[in-house]
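Scroll down for the structure; my scribbles are underneath it.
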Amino acid sequence: QKQKALNLTETKSKFLANMSHELRTPMNSILGLTELMLEKGYLEPRNKERLEVVLNSGKRLMTLINDILDLSKIEAGKMEIRSEAVLLNDILEEISGSIAPLASEKNIDYKVLKKIDTNTVISTDRGKVVQVLINLLGNAVKYTDVGEVLLRISMANEMLSFEVIDTGIGISEEEMNVIFEDFRQLNSPKSKRRAGTGLGLAISKKLADILGGSLTVKSE
C-alpha cells in the first residue's frame, strides 16, 4: 500500500508538471497580447477596464500555475538547486524592486534594515532565495493595512538570517501550526477577504529546507 501511494504521488506530480507546462504557453500569449493592447491600442474607457480585468485575472492564474508546477517538482524530487556566487546587495535590490511599489500602493512603509555588510558575495540559488523572500514580503504587504513592512538581514548561529516583520493583522497560535501546509489558508474573516492560493508559504518552507535553511514564524 505504501509503494502504491508513492507511485500515485509520483504519477500525480508528473501529470501536474506536464499540465502546468502546457498551460503556461497559452497563458503567456494571453498576458503578452493583453498587455500589448493596453499599451499600444486606443481603447474606450469601458473596454480598457475590461482588458485590465483580463490581465489581472490572467496574472493570478499564472501565479497559481507556477505554484502548482513548483509544488509538483518538489514532491517529485525534481527541484534543482543551482548555486552561484551572487552579491547580497543585488538580491536585496531585486526584491525591493518588486515589493516597494506594492507597499507604496497601500501607503505603508517598506524598509530594509542591514545588520551586516551586505556588500558581500554569497553562494546560493539566487532565484529561489528571491522567490521565498518576495513571497514572504508580498504576504506581509497583503496583510498589513497600516504601518510598515521591514526586511532585516543579520547573522544568527553562523547562518545568514532574513526576518520579515510587519504591523499587519497577525496570526493566531492555532493557525501558526497549519500555515505551512499545502492549500491551507487562514480562516479569520480579515484573512479571507485577501486573495491567495494557499501554496505560497508551503512552497517557501520546502524551498528553505532544500536550500539548507529553515523557515519559522512568530506572531500574535
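Details
- Filter pass, residue 127 being within 24 Å of residue 60 (Cα to Cα) and either under 15 Å from the mean Cα position of the chain (by Cα) or at pLDDT 95 or above (or both): yes
- Meets criteria (without any contact (Cβ under 8 Å) to a residue 60 or more places away in the chain, touching a Phe, Trp or Tyr at 6+ places or on another chain (Cβ under 8 Å) and among the β-branched types (Val, Ile, Thr)) for residue 141: yes
- Residue ID - nearest to residue 126 (Cα to Cα), chosen from residues in the stretch 91-109 that are open to solvent by 60 Å² or more (accessible area, probe 1.4 Å) and in a helix (DSSP H, G or I): 94
- Residues (open to solvent by 70 Å² or more (accessible area, probe 1.4 Å) and over 22 Å from residue 204 (Cα atoms)) located in the stretch 115-126: 115, 117, 119, 121
- Put simply, of 31, 51, 16, 43 the only residue that is within 21 Å of the chain's Cα centre (by Cα), surrounded by 11 or more Cβ atoms within 10 Å (Cβ to Cβ), of a type in the set (A, V, I, L, M) and at pLDDT 80 or above is 31.
- Residue within the stretch 162-178 that is assigned to a helix (DSSP H, G or I) and open to solvent by 60 Å² or more (accessible area, probe 1.4 Å) present: yes
- Output for the stretch 64-97, where each listed residue is among the hydroxyl-bearing types (Ser, Thr, Tyr) and touching a Lys or Arg at 6+ places or on another chain (Cβ under 8 Å): 72
- In the stretch 70-85, of all residues being assigned to a helix (DSSP H, G or I) and of a type in the set (A, V, I, L, M), the one that is nearest to residue 120 (Cα to Cα) corresponds to 74.
- From 29, 72, residue being more than 26 Å from residue 142 (Cα to Cα) and polar (S, T, N, Q): 29
- Unmet requirement for residue 73, which otherwise passes all of (1) open to solvent by 80 Å² or more (accessible area, probe 1.4 Å); (2) closer than 25 Å to residue 180 by Cα; (3) basic (Lys, Arg): (1)
The values are calculated or read from the model by the stated rules, or taken from the named source; none is laboratory data. Here the structure is a predicted model, which means the values were calculated and not measured. Because the Cβ atoms are built from the backbone with ideal geometry, glycine has one as well, and the counts that use them run over all protein chains shown. These accessible areas exclude ligands, DNA and RNA; they are computed on the full protein's heavy atoms, side chains included. Shrake-Rupley method; radii C 1.70, N 1.55, O 1.52, S 1.80 Å.
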